[in-house]
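See below for the structure under consideration.
The values are calculated or read from the model by the stated rules, or taken from the named source; none is laboratory data. Source: prediction; values computed, not measured. Because the Cβ atoms are built from the backbone with ideal geometry, glycine has one as well, and the counts that use them run over all protein chains shown. These accessible areas exclude ligands, DNA and RNA; they are computed on the full protein's heavy atoms, side chains included. Shrake-Rupley method; radii C 1.70, N 1.55, O 1.52, S 1.80 Å.
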Amino acid sequence: MQDIDRLKLLKELYTYKSIGYDYIEDIKLADNKRQFSSHPLPDDLTALEQIVKNCHLCQLSKTRKNVVFGEGDPNAKLMFIGEGPGANEDSTGKPFVGRAGELLTKIIENVLLLKREDVFIANIVKCRPPGNRVPTDIEVKECIPYLLKQIELIKPSVIVTLGATAYKNLTLDTTSVSKIRGEILDYNGIKLIPTFHPSYLLRNPSAKKFVYFDMKKVKILLENLI
Ligand code: URA
């Protein structure tokens, strides 16, 4: 490591310390190279989107109106990962456009001081589970290779998982979100911060302050990228 990188790293560590960080034991998160599908996916986001839009690998494809591939900057430094499309997302083909989406957009704009188009927003499953139920293990197993490929191609420096389904299925760690939220974890060299889902915040507004703290950490991480 060069001196300049060492200094930047040291500055980053002091910044964490100044905002109240403690060292925590490493949590072994899932390996990005998990293989679920025997079919290789393309190394191009537009080509991947075409494949996902024509996907019929699980039963969600039978009830969906639109596939919600995800949207944003294909070179985003920051990626948000939610659970799966709801009714508004299913109708429009866009992620996080309902009430929870409006709240997520406010968080991006007012706390992170970014534009929604500057980040990439995706979900664990790309089609709406009927009645907004949690996606089943089989649905996740068929769909998650698309998300892993998105992460591989976008190469974000920071990932924020929104809620339990996103955290658990991406990392395979079963720690509850209320326990793990706000920790800066290492996910195959990418910094991963779990936080609450915006839908949870709509039901529990008093939890907004925690997401605010978590997003302040994300902001500092983004400002201190080496
Ligand atoms: N909730 C999610 O998890 N994802 C969306 O896209 C919308 C709501």
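Scanning the stretch 71-108 for residues that are under 24 Å from PHE210 (Cβ atoms), of a type outside the set (A, V, I, L, M, F, W, C) and within 8 Å of the ligand (Cβ to nearest atom), we see that the one that is surrounded by the most Cβ atoms within 10 Å (Cβ to Cβ) is GLY82.
Residues in the stretch 208-226 that are more than 16 Å from the ligand (Cβ to nearest atom) and hydrophobic (A, V, I, L, M, F, W, C): PHE210, PHE213, MET215, VAL218, ILE220, LEU221, LEU222, LEU225, ILE226. Can you tell me which residues in the stretch 134-155 are open to solvent by less than 30 Å² (accessible area, probe 1.4 Å), out of contact with any Phe, Trp or Tyr (no Cβ under 7 Å at 6 or more places or on another chain) and not basic (Lys, Arg)? Residues satisfying the conditions are PRO135, GLU139, VAL140, CYS143, TYR146, LEU147, LEU148, GLN150, ILE151.
How many residues are within 12 Å of the ligand (Cβ to nearest atom) and outside any loop (DSSP other than H, G, I, E, B) when one looks only at the stretch 112-138? Residues in the stretch 112-138 being within 12 Å of the ligand (Cβ to nearest atom) and outside any loop (DSSP other than H, G, I, E, B): 4 in total. Suppose we filter LEU192, LEU222, LEU185 for residues that are under 11 Å from the mean Cα position of the chain (by Cα) and in contact (Cβ under 8 Å) with a residue 40 or more places away in the chain; which single one remains? Answer to the selection: LEU192.
Listed by position, the helices (runs of 4 or more DSSP H) enclosed by the stretch 1-74 that each have at least 1 residues that are over 23 Å from the mean Cα position of the chain (by Cα) and at pLDDT below 95 are 3-18.
Among the conditions (1) free of Cβ contacts under 8 Å to residues at least 24 places away in the same chain; (2) within 11 Å of the ligand (Cβ to nearest atom), the only one that LYS168 does not satisfy is (2). Here is a check on your reading of the model: is ASN66 without any contact (Cβ under 8 Å) to a residue 24 or more places away in the chain, in contact with a Gly (Cβ under 7 Å, 6 or more places away or on another chain) and within 16 Å of the ligand (Cβ to nearest atom)? Here the answer is no, as ASN66 does not meet what is asked.
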